[in-house]
Amino acid sequence: MQFELPPLPYAKNALAPHISEETLEFHYGKHHQAYANNLKGLLDGKPEATQSLEEIILGSSGGVFNNAAQIWNHTFFWNSLSPTGGGKPTGELASMIDRDFGGYDQLKVALTKAAVTQFGSGWGWLVLDGDKLAVMQTSNADLPMKHGKKALLTIDVWEHAYYVDYRNLRPKFVETVIDKLLNWDFALQNLKG
Ligand code: MN3
């Protein structure tokens with residue numbers, strides 16, 4: 001069952017104009033679905049097929065890891081976005097951002113840099129590292145849990161995430177996600193969870 005994709009947390013046109021329905025048709029409907037189909041095929045009849053997705057991610061490498069982690073990363077990414085998201089968080093997260101980055105503007109610079117400078121395919125992340133907020137970048141399917149860090153928010157910077165809507169302009173995509181879509185309620189849930 002862990003290989004079934006959860007439904008998107010909003011309609012496919014809900015993030016437009018920032019992320020189009022066409023992008024979600026492909027990114028969720030084709031790319032994310034393909035990782036789930038691949039993992040199902042790789043684990044068919046194997047004992048790992050009964051493990052949780054997190055157990056598979058932490059215990060695997062190669063193709064099993066890549067597909068399992070990409071299922072997790074994409075579900076996490078859809079939840080990191082909201083039609084009513086973006087901008088500055090308030091409350092506890094705002095205080096932690098002030099403490100650990102010196103303010104929201106500095107966090108935005110750091111997260112933008114992590115996402116934009118990731119060479120090739122990968123992810124930009126806001127994470128909890130010990131008891132501090134930090135940003136990190138990962139390549140391909142790699143993710144914070146493999147490095148002992150807790151993910152709070154992510155931005156997918158594989159070309160398939162932005163090429164339909166932004167062509168080669170990854171920085172414009174990243175800026176739009178941060179300003180208009182990041183789901184700080186989800187970040188707070190992850191912080192507390
Ligand atoms: Mn993707």
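Quick rundown of the values:
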read-out: Solvent-accessible surface ranking, highest first, for K149, K46, K88 at 1.4 angstrom; value: K88, K46, K149
read-out: Projected area, mean over directions - the chain, Cα convex hull, nm²; value: 10.2
read-out: Principal axis dimensions, largest first and in whole angstrom, of segment 46-88 by Cα; value: 43, 19, 13
read-out: Å³ per residue enclosed by the Cα convex hull of segment 91-192; value: 92
read-out: Residue-level accessible surface for D165, protein heavy atoms, 1.4 Å, Å²; value: 50
read-out: Percent RCO, i.e. relative contact order, over segment 91-192, from Cα pairs under 8 Å lying at least 6 residues apart; value: 23
read-out: Proximal charge balance of K12 [Cβ under 14 Å; K/R count +1, D/E count -1]; value: -3
read-out: Column: log10 I(q)/I(0), Debye, Cα scatterers of segment 18-93, q = 0.21, 0.24, 0.25 Å⁻¹; value: -0.92, -1.06, -1.12
read-out: Nearest-ten-degree value, helix 104-117 long axis tilted from longest Cα axis of the chain; value: 40
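The values are calculated or read from the model by the stated rules, or taken from the named source; none is laboratory data. Please read these numbers as outputs of a predicted model, since none were measured by experiment. Every residue, glycine among them, receives a Cβ derived from its backbone with ideal geometry; neighbour counts consider all protein chains shown. Surface areas here come from the heavy atoms of the whole protein model, side chains and all, with no ligands, DNA or RNA. Shrake-Rupley method; radii C 1.70, N 1.55, O 1.52, S 1.80 Å.
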